[in-house]
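The values are calculated or read from the model by the stated rules, or taken from the named source; none is laboratory data. This structure is a prediction, so every number in the text was calculated from the model and none was measured. Don't worry about glycine lacking a Cβ; one is built from the backbone with ideal geometry, like all the others, and counts go over all protein chains shown. Note: areas computed on protein heavy atoms with side chains; ligands, DNA, RNA excluded. Shrake-Rupley method; radii C 1.70, N 1.55, O 1.52, S 1.80 Å.
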Amino acid sequence: MEIKNTMELRLPSLSINEGFARSVVGAFATQLNPTLEEVADIKTAVSEAVTNAIIHAYPDRIGEIVISASLSGQTLEVSISDKGVGISDIEQARQPFFSTAGDESRSGMGFTVMETFMDEVTVISAPGEGTTVRMLKTIKTQG
Amino acid sequence: MQIKVKQQDNVITALLYGELDHHSAQETREYLDKLIAKFRNSDLVLDLKNLSFMDSSGIGVIIGRYKKLKSDGRRMYVANPNRQIDKVMGLSGLYSIIKKL
């Protein structure tokens, strides 16, 4: 029988938690015996999603970010959820170089990085209700 | 983030240590801006040999400094990125405006 492993992490939207969040998910994924490059891909994608939640979901307050991950077969599924302001136009937000942050704190490349480094990225969002970014990555079995 | 600076002729080299993400972006930006203002006629090399991680927040920091230097007729380069950082910089199109040494 295939055993599915899961984990969940709840954090306030403080920027100091960005490094912690990506390290935790990267460490969790090592159970799939990934290459160093695959771990780096996962950490980078998680960093982008968590940073988006910190900057965009809660622009004026500290809110909660929930990071949940599961391993099933060779696939990692990771979701980053917030209950912040939400995204009114998801398609526009996913365009390369699009950013609503005016102070060059972001390059507008967050979603492009997530899409490139993970196999699948789904964004569910509603204005006033929050956003969930769900990402999948299958780790190739090592020869 | 820790930054060490070397100067030779008209080139300042800033060695970045640690991780460059949104959390460390502001202090990195402020430090580099002071450096750019202090050495008025120098080009800038960002040596990333000891930078273990960077996400797209770092792209914003680098491109912002590049624009500042360019408006002064000065040049900027990046050197020694690890594979993860190289991938993020390549994907963002950074190498189309900033040369990797």
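Numerical summary
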| quantity | calculated |
| --- | --- |
| Tally, over region A:35-69, of residues that are among the small types (G, A, S) and closer than 18 Å to A:M7 by Cβ | 6 |
| Filter result (within 28 Å of A:G26 (Cβ to Cβ) and among the basic types (K, R)) within region B:66-101 | B:R83, B:K87, B:K100 |
| Tally, over region B:13-41, of residues that are surrounded by 20 or more Cβ atoms within 10 Å (Cβ to Cβ), closer than 17 Å to B:I98 by Cβ and hydroxyl-bearing (S, T, Y) | 1 |
| Residue that is at pLDDT 95 or above and closer than 22 Å to A:F97 by Cβ, where the choices are B:L35, B:L46 | B:L46 |
| Single match in B:L32, B:L69 (criterion: assigned to a helix (DSSP H, G or I), farther than 23 Å from A:L36 by Cβ and within 14 Å of another protein chain (Cβ to nearest Cβ)) | B:L32 |
| Any hit, region A:28-37, residues being within 13 Å of chain B (Cβ to nearest Cβ) and free of Cβ contacts under 8 Å to residues at least 60 places away in the same chain | yes |
| Scan of region B:91-101 for residues that are assigned to a helix (DSSP H, G or I), within 13 Å of another protein chain (Cβ to nearest Cβ) and open to solvent by 40 Å² or more (accessible area, probe 1.4 Å), ordered by number | B:L91, B:S96 |
| The one condition in (1) on the phi > 0 side of the Ramachandran plot; (2) more than 14 Å from chain A (Cβ to nearest Cβ) that B:G18 fails to fulfil | (2) |
| Options A:E120, A:E129: the member that is without any contact (Cβ under 8 Å) to a residue 60 or more places away in the chain, within 21 Å of A:L11 (Cα to Cα) and open to solvent by 20 Å² or more (accessible area, probe 1.4 Å) | A:E129 |
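So that you can scan it fast, the table gives a plain yes or no per residue for (1) more than 10 Å from chain A (Cβ to nearest Cβ); (2) crowded, with 16+ Cβ neighbours inside 10 Å:
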| site | (1), (2) |
| --- | --- |
| B:K4 | yes, no |
| B:F53 | no, yes |
| B:G60 | no, yes |
| B:Y77 | yes, yes |
| B:N80 | yes, yes |
